[in-house]
Amino acid sequence: MPSLSTLSPDALAELRSKLRGEYETLKAQGLKLDMTRGKPASDQLDLAAEMLALPGNRDTTAEDGTDARNYGNLQGLPEARALFAPVLGAPPEQIVIANNSSLALMHDVLVYALLKGVPGGDGPWSKQEPITILCPVPGYDRHFALCEGFGIRMIPIPMTGEGPDMAAVEREAADPSVKGIWCVPQYSNPSGETYSDETVRRLAALKAAAPDFRILWDNAYAVHHLTEARPSLVDILEACTQAGHPDRPIVFTSTSKVTLAGAGLAMLAASSANVKWYLAQAGRRSIGPDKLNQLRHVRFLRDAAGIAAHMDRHRALIGPKFAAVEEAFAARLDGWDVARWSRPLGGYFVTLDVTDGTASQVVRLAGEAGIALTPAGATHPYGRDPHDRTLRIAPTFPKLDAVRTAAEAVALCTLLAAVEARAAG
Ligand SMILES: Cc1ncc(COP(=O)(O)O)c(C=O)c1O
């Protein structure tokens with residue numbers, strides 16, 4: 001198959017009119033499909049249906065005698081902390097199990113840092129403005145929205161396939177206004193990559209000019225595998241302790257995409273000093289978390305093997321959707337040299353890098369054909385992708401047939417946009 005650059009003007013015009021014809025046929029189908037939402041589908045939520053009957057009304061006492069129906073236990077039930085210790089890579093005493101959203105925990109950590117400062121620092125971050133957080137790109141738009149909302153400056157750092165470009169991180173962190181970095185270290189949102197051992201060790205050993213530099217380690221996809229492979233992500237808490245920076249990382253995760261999205265458990269793990277600091281702030285905010293939901297999760301998931309078995313059931317439902325995206329993209333785009341896409345081994349997204357300067361046009365074309373895509377630019381701070389290149393595809397929520405149809409349509413729009421850009425330029 002020839003690449004676009006080798007086509008004669010006539011051949012390019014012919015291809016363009018053929019693709020335009022296909023596109024008009026696509027539009028005439030009047031589709032209404034949504035590939036924007038990284039949400040579990042309802043059959044995935046059904047997997048946790050039995051959990052809703054737990055803990056039942058006669059068995060609400062936790063292992064330490066706590067009545068889960070009552071106030072208290074700010075750090076979370078010991079059995080819930082023990083259940084998630086292997087997921088977080090921390091001992092139960094360094095874990096906080098909170099309520100339903102890890103994003104809310106990240107928000108709170110930032111607010112407490114801004115208003116109060118963090119252990120090892122020189123007081124509130126808000127008094128040291130401007131402050132900066134490094135943002136690996138492509139990245140998670142809600143991380144960027146938190147920073148933007150609080151007036152925290154963001155510096156994009158390119159992802160390399162093994163995590164962020166560490167040379168760039170090391171260069172930027174020499175500036176004392178740089179207070180931290182966002183990381184989605186495993187099956188990253190949206191590139192799907194997992195940080196290499198070297199990346200994690202360099203982050204742990206980083207010579208940050210700010211003494212209170214924080215790694216915001218959002219391990220949202222810690223157990224969300226799509227294959228038999230299991231990535232070996234270095235334990236950031238241990239690596240930082242070994243490197244002499246025990247207070248640097250704060251690890252977040254949740255069961256939003258394990259049990260119920262928005263009705264699961266969110267948690268963090270960190271050094272004892274960070275946990276003490278966090279609880280001191282959180283104790284003013286709330287008298288304690290929803291421990292009935294904690295018991296519900298403990299009794300439903302039981303142990304690490306229970307979590308793994310449950311995630312296998314998710315994989316059986318969503319694996320074919322990711323395979324359908326791969327098939328559709330390969331069938332239409334292979335050989336044209338107009339796009340690259342990720343083949344994630346886990347997580348919730350496929351990244352589609354289209355021809356530079358055409359991502360917004362692909363979103364527009366898809367939208368006019370009834371397929372909603374996440375806006376171009378959403379994967380970058382301030383919604384600005386300087387290359388107008390990266391799209392985030394979320395295949396989990398629609399039904400399999402719809403995913404296939406939508407992916408074929410996105411591939412057509414990608415090729416059409418590339419051909420039209422070439423013809424115009
Ligand atoms: C990287 C990442 N972090 C956090 C979240 C949100 O997690 P939660 O539901 O626990 O707030 C998501 C959801 O898509 C995500 O992709």
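For region 1-105, the list of GluC sites (Glu not before Pro) that fall in a loop by DSSP and count at most 14 other C-beta atoms within 10 angstrom reads E63.
Per residue, the convex hull spanned by the Cα atoms of region 200-330 measures out at 163 cubic angstrom. A 1.4 Å probe run over the protein chains yields, for the chain, 42 Å² of accessible area per residue, whole-number rounding. Applying the Karplus relation 6.51 cos²θ - 1.76 cosθ + 1.60 with θ = phi - 60° to region 22-31 yields 3J(HN,Hα) values of 5, 5, 5, 4, 4, 4, 5, 6, x, 5 Hz, where x marks Gly and Pro. Are any of the pairs K32/K321; K116/K207; K39/K179 more than 20 Å apart by Cα-Cα distance, and if so, which? Beyond 20 Å between Cα atoms: K116/K207; K39/K179.
When Rg and the Kirkwood Rh are both derived from Cα coordinates, the Rg/Rh ratio for region 319-425 amounts to 0.94. How far is helix 272-285 tilted off the main Cα axis of the chain, in degrees rounded to 10, range 0 to 90? Taking the Cα atoms of the chain, the angle to 272-285 is about 90 degrees.
Of R230, R404, R315, the residue with the greatest mean-square motion in the GNM of the chain, using alpha carbon springs below 10 Å, is R230.
How big, in percent, is the set of alpha carbon pairs in region 256-303 lying more than 13 Å apart? In whole percent, the long-distance tail amounts to 67. Measuring r between the beta carbons of D175 and E368 and using R0 = 45 Å, the FRET efficiency lands at 0.55. In the chain, what % of DSSP beta bridges are antiparallel (nearest 5)? Of the beta bridges lying entirely in the chain, close to 50 percent run antiparallel. The Cα trace of region 61-302 gives Rg and Dmax of 17.2, 52 Å, the first to one decimal, the second as a whole number. Just checking the listed ones, T405, T194, T351: in the Gaussian network model of the chain with Cα springs under 10 Å, the one fluctuating most is T405.
The share of Cα pairs per 20 Å bin across the chain, counted from zero up to the longest distance, runs 25, 53, 20, 2 percent. For region 105-160, the share of accessible area belonging to carbon and sulfur comes to 54 percent (1.4 Å probe, ligands and nucleic acids excluded). Kindly state, to the nearest 0.05, the FRET efficiency for R58 paired with S232, given R0 = 41 Å and r defined as their beta-carbon distance. The computed FRET efficiency comes out at 0.45. What whole number of Å gives the distance from the Cα centroid of region 1-74 to the Cα centroid of region 184-203? Value for the Cα centre distance between the two parts: 22 Å.
Counting other Cβ atoms within 10 Å, which trypsin sites (Lys or Arg not before Pro) in region 1-32 have at most 16 and lie in a DSSP loop? Here the sparse-neighbourhood loop sites are K32. For region 160-200, place one equal point scatterer on every Cα, skip the solvent, and apply the Debye formula. What is log10 of I(q)/I(0) at q = 0.24, 0.34 Å⁻¹? At q = 0.24, 0.34 Å⁻¹ the computed log10 ratios are -0.82, -1.15. According to the calculation over all Cα-Cα pairs in region 16-102, the P(r) per 5 Å bin from zero is 3, 10, 11, 14, 14, 12, 7, 5, 4, 5, 6, 6, 4, 1, 0 %. Computed on the Cα trace of region 264-358, the radius of gyration divided by the Kirkwood hydrodynamic radius gives Rg/Rh = 1.18.
Between N70 and L279, the modelled label-to-label distance comes to 1.9 nm, taking each label 7 Å out from Cα in the direction of the beta carbon. Output the 0 to 90 degree angle, nearest 10, between the alpha-carbon long axis of helix 359-368 and the longest principal axis computed from the alpha carbons of the chain. Helix 359-368 sits roughly 80 degrees off the main axis of the chain.
Rounded to two decimals, the Cα-based Rg/Rh of region 111-237, with Kirkwood Rh, is 0.97.
Amide H contacts for R214 (H built 1.01 Å from N in the peptide plane; partners 5 or more residues away or on another chain; cut-off under 5 Å): G180, I181. Under the convention that each Lys and Arg Cβ holds +1 and each Asp and Glu Cβ holds -1, the size of the dipole of region 61-302 around its Cα centre is about 580 debye. Only protein heavy atoms count here; under a 1.4 Å probe, F397 has an accessible surface of about 70 Å².
Largest GNM mean-square fluctuation among W277, W125, W336, using the chain with Cα springs under 10 Å: W336.
Evaluated with a Cβ-only charge set (Lys, Arg +1; Asp, Glu -1), the chain carries a dipole of roughly 760 debye about its Cα centre, given to the nearest 20.
Of all lysines in the structure, those lying under 16 Å Cα to Cα from K27, and not within fewer than 8 positions of it along the same chain, are K18.
The values are calculated or read from the model by the stated rules, or taken from the named source; none is laboratory data. Quick caveat, the model's predicted, so the values are computed rather than measured. Here the Cβ is made from the backbone with ideal geometry for all residues, glycine too, and neighbour counts use every protein chain on show. These area figures cover heavy atoms from the full protein model, side chains too; ligands, DNA and RNA do not enter into them. Shrake-Rupley method; radii C 1.70, N 1.55, O 1.52, S 1.80 Å.
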